[in-house]
Amino acid sequence: MWKGRFQQQTAALLQSYSQSISFDWRLWRHDIEGSIAHSAALEKAGLLSPQERQAIVDGLQAIGAEIEGGHFQFRAELEDIHMNIESELTRRIGDAGAKLHTARSRNDQVATDIRLYLRAECDSLDALLRDLQAALVELGERYSGVVIPGYTHLQRAQPVFFAHHLLAYVEMLQRDRDRLADCRKRINVLPLGSGAIAGSTILLDRQLVADLLGFPSLTRNSMDAVSDRDFAVELLSGLALVAMHLSRLSEDVILWASSEFHFVTLSDAFTTGSSLMPQKKNPDVAELTRGKTGRVYGNLVSLLTLMKGLPMTYNRDMQEDKEAIFDSVDTVKAALGVFAPMLREATVDEVRCAEAVADANLLATDLADYLVNHGVPFRKAHEVIGRAVARCGVLECSLRELSLAEYQALSPVFGADVHEMLDVSRSMESRQAVGAPSPANVAAELGRWKVLLG
Ligand code: ARG
């Protein structure tokens, strides 16, 4: 394609080193879509006859059908998806095909293709995130009465509804969706018409192209348009956060599925056995998801590093953006896709949860609040209950078994109703502030999400 200037063939070694067709072939649909829109602008500018334009559109659609059917022969010597499609088009339809690249460069072409690709992926990702939110809400509803210990430092802290714990992830995933939707706005801008760097001496109707491709706006600076990939960095950063959230959920699932916790049982269909130990049932989905988070982070850092030293404008380095972008999108989509059905088949061991939540220490803070309600300053109350817990250690009993006399020896404020404070249902009922897990609040949140996701 640059044979005019060169006397020597490209070395075979360079061909294989520089080719991107082995991975950018996946952009074929967007490349064809962009070329069809570009041909409309060329026709409007009088550079293509209606017949030539029709031949281009028909030719591109035929090539698209072949690629889709798996019959198209990609050629590494043609470097990338753009040249593979264009040269095959020209082989088939002749001169009209050779006119297609007028007032266009692969620099604005590839920027357009990636934006079209990422815009579509934002929508798929949003649907998958929403489905995972729905699966979390369904699981919470199925076990809406179950209370488990909430943890800080992985030490038992205070009781929470299992559904409240799941709804925390629903909130995280909503922010992930919001971030992707926001990033999508900056992806959704048309760079085509920027040429290699400085537009073209041929005046094309960029607005027409934008309308045909569904872009609500045009890039305003041709150099910026061909040289930045900040929109892709944003998306990979949004995906890194999705992966972080999935990884933390994975960690919870792994703990919950362990014999030590045994709050949750995963179905056979979403666990694996051991080749050696017959009793094993491993939470591989969650472990793989936690593990894959590393490459999603890595891809973000790769892309940031790739871009940081590039002088304006396009540099071939930027071809290296694609594998990072594709890998993060594929990895996060696969994780979301398997997590939702895994949760839909999970069951909760209500007996084990009840045993765990029977730990009276989970209500130590409730006892401090009891003293506060009787006028004791919180710091003082905290100390008194701390002594009560220590006393339980000495007597080898629980806060429920500590006698009224023992309590009153620690503080005369304790009344005969102190043991009533050590009731989980009462404790849950009294957590009524916005965002706190009272039964009514959690039920309302489950209902709110059902409407929002429904
Ligand atoms: N395959 C290239 C890429 O992905 C397309 C743009 C090539 N442009 C160029 N001037 N060599 O970046």
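Name every residue in the range 390-435 that is over 43 Å from the mean Cα position of the chain (by Cα), within 19 Å of ALA157 (Cβ to Cβ) and in a helix (DSSP H, G or I), in order of residue number.
Here is the first cut: in the range 390-435, the ones over 43 Å from the mean Cα position of the chain (by Cα) are 390-420.
Narrowing the set further to residues that are within 19 Å of ALA157 (Cβ to Cβ) leaves 390, 392-393, 398-400.
Within the range 390-435, ALA390, CYS392, GLY393 meet the criteria.
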Being of a type in the set (Asp, Glu) and in a helix (DSSP H, G or I) is the filter here, so list the residues in the range 72-91 that pass it. GLU77, GLU86, GLU88
Flagged in the range 307-323 as within 12 Å of the ligand (Cβ to nearest atom), under 23 Å from the mean Cα position of the chain (by Cα) and crowded, with 19+ Cβ neighbours inside 10 Å, in numbering order, are ASP321, LYS322
Every residue from the range 403-426 that is polar (S, T, N, Q) and farther than 23 Å from VAL357 by Cβ: SER403, GLN408, SER411
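Each row is one residue, and each column tells you yes or no for (1) crowded, with 18+ Cβ neighbours inside 10 Å; (2) at pLDDT below 95; (3) over 30 Å from GLU234 (Cβ atoms).
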site: PRO341; (1), (2), (3): no, no, no
site: ALA346; (1), (2), (3): yes, no, yes
site: VAL357; (1), (2), (3): yes, no, yes
site: THR365; (1), (2), (3): no, no, yes
site: LYS380; (1), (2), (3): no, no, yes
site: VAL389; (1), (2), (3): no, no, yes
Quick one: would you say PHE6 is within 16 Å of the ligand (Cβ to nearest atom), in contact with a helix residue (DSSP H, G or I) (Cβ under 6 Å, 6 or more places away or on another chain) and not in a helix (DSSP H, G or I)? no
I'd like the full set of residues that are touching a Phe, Trp or Tyr at 6+ places or on another chain (Cβ under 9 Å), touching a residue at least 40 places away in the same chain (Cβ under 8 Å) and more than 9 Å from the ligand (Cβ to nearest atom), limited to the range 81-107. ASN84, ILE85
Considering only residues that are under 30 Å from LEU132 (Cα atoms), part of a helix (DSSP H, G or I) and either free of Cβ contacts under 8 Å to residues at least 40 places away in the same chain or hydroxyl-bearing (Ser, Thr, Tyr) (or both), which ones fall in the range 176-217? ASP178, ASP182, LYS185
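The values are calculated or read from the model by the stated rules, or taken from the named source; none is laboratory data. This is a predicted model, so every value here is computed, not measured. We place every Cβ from the backbone using ideal geometry, glycine too, and count neighbours over all the protein chains shown.
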